[in-house]
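Engineer: My structure is below; once you've seen it, I'll send some questions.
The values are calculated or read from the model by the stated rules, or taken from the named source; none is laboratory data. Because the structure is a prediction, the values reported are computed rather than measured. Reconstructed Cβ throughout: ideal geometry from the backbone, glycine too, with neighbour counts over all protein chains shown.
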């Protein structure tokens, strides 16, 4: 129980300090959780947040209300599955999170990685953006299967699915951010 209360106090302290930052500083701190500048700006403008639940609910609401170009901006902040560098790296923290999220892919055998690289290229040709999946806890083989299934989507369905995956990634990253 003491460990839980300590973690809760740390989260509340980080959130309280973030609530007091200047707009620019607050945007810079929160944007690596999502990658969209508009999302970060809108979230910052809703401060102060009482707790994690209020923050994550607002983050979801804002994300779902953004136009496609803001989603695409967020997608660009991720490396391709199986790679380590994003097209638009936001911070070392974001890069570290991506590495953690893809850790199961990094240990996959060479054949699976090669299939994944080919499938990534095929996906990008078909949909015009990188493949976004919440990779946390998923094996490389599972991710390949998800990618192959999603290749059957029409472009509108796929961008919605990619946006939902980004929303899930953002939620995970917000929780990590609140841990310090």
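Engineer: Within the bounds of region 125-132, is there any residue that is surrounded by 14 or more Cβ atoms within 10 Å (Cβ to Cβ), outside the structural domain of residue 19 (by TED's automatic domain parsing) and over 16 Å from residue 75 (Cβ atoms)?
Structural biologist: no
Engineer: Within region 43-58, how many residues are surrounded by 13 or more Cβ atoms within 10 Å (Cβ to Cβ) and without any contact (Cβ under 8 Å) to a residue 24 or more places away in the chain?
Structural biologist: Residues flagged as surrounded by 13 or more Cβ atoms within 10 Å (Cβ to Cβ) and without any contact (Cβ under 8 Å) to a residue 24 or more places away in the chain within region 43-58 amount to 5.
Engineer: Quick one: which of 44, 23 is more than 21 Å from residue 71 (Cα to Cα) and at pLDDT 95 or above? Don't jump to the end; show me each part of the working.
Structural biologist: On the way: 44 fails: more than 21 Å from residue 71 (Cα to Cα).
Every option except 23 fails the conditions.
Engineer: Moving on to the next point. Only residues that are under 16 Å from residue 171 (Cα atoms) and in contact with a helix residue (DSSP H, G or I) (Cβ under 6 Å, 6 or more places away or on another chain): list them for region 91-142, please.
Structural biologist: 93, 94, 97, 132, 133, 134, 135, 136
Engineer: Within region 130-180, can you find the residues that are in contact (Cβ under 8 Å) with a residue 60 or more places away in the chain and within 24 Å of residue 110 (Cβ to Cβ)? Steps first, please.
Structural biologist: Our first condition is that a residue be in contact (Cβ under 8 Å) with a residue 60 or more places away in the chain; within region 130-180, this holds for 143, 147, 159, 162-163, 166-167, 169-180.
Across region 130-180, the qualifying residues are 143, 147.
Engineer: Now for a different question. I'd like to check something: does region 147-167 contain any residue that is surrounded by fewer than 18 Cβ atoms within 10 Å (Cβ to Cβ), on the phi > 0 side of the Ramachandran plot, assigned by TED's automatic domain parsing to the domain that holds residue 79 and not in a helix (DSSP H, G or I)?
Structural biologist: Checking region 147-167: not a single residue is surrounded by fewer than 18 Cβ atoms within 10 Å (Cβ to Cβ), on the phi > 0 side of the Ramachandran plot, assigned by TED's automatic domain parsing to the domain that holds residue 79 and not in a helix (DSSP H, G or I).
Engineer: If you go through region 102-124, how many residues are assigned to a loop (DSSP other than H, G, I, E, B) and surrounded by 14 or more Cβ atoms within 10 Å (Cβ to Cβ)?
Structural biologist: So in region 102-124, the residues assigned to a loop (DSSP other than H, G, I, E, B) come out as 102, 107-109.
Remaining after also requiring surrounded by 14 or more Cβ atoms within 10 Å (Cβ to Cβ): 102, 108.
Residues flagged as assigned to a loop (DSSP other than H, G, I, E, B) and surrounded by 14 or more Cβ atoms within 10 Å (Cβ to Cβ) within region 102-124 amount to 2.
Engineer: Would it be correct to say that residue 101 is modelled with pLDDT under 95 and either out of contact with any strand residue (DSSP E or B) (no Cβ under 7 Å at 6 or more places or on another chain) or assigned by TED's automatic domain parsing to the domain that holds residue 120 (or both)?
Structural biologist: For residue 101, the condition - modelled with pLDDT under 95 and either out of contact with any strand residue (DSSP E or B) (no Cβ under 7 Å at 6 or more places or on another chain) or assigned by TED's automatic domain parsing to the domain that holds residue 120 (or both) - is met.
Engineer: Which ones in region 59-83 are free of Cβ contacts under 8 Å to residues at least 12 places away in the same chain and either under 28 Å from residue 16 (Cβ atoms) or in a helix (DSSP H, G or I) (or both)?
Structural biologist: Selection gives 61, 65, 69.
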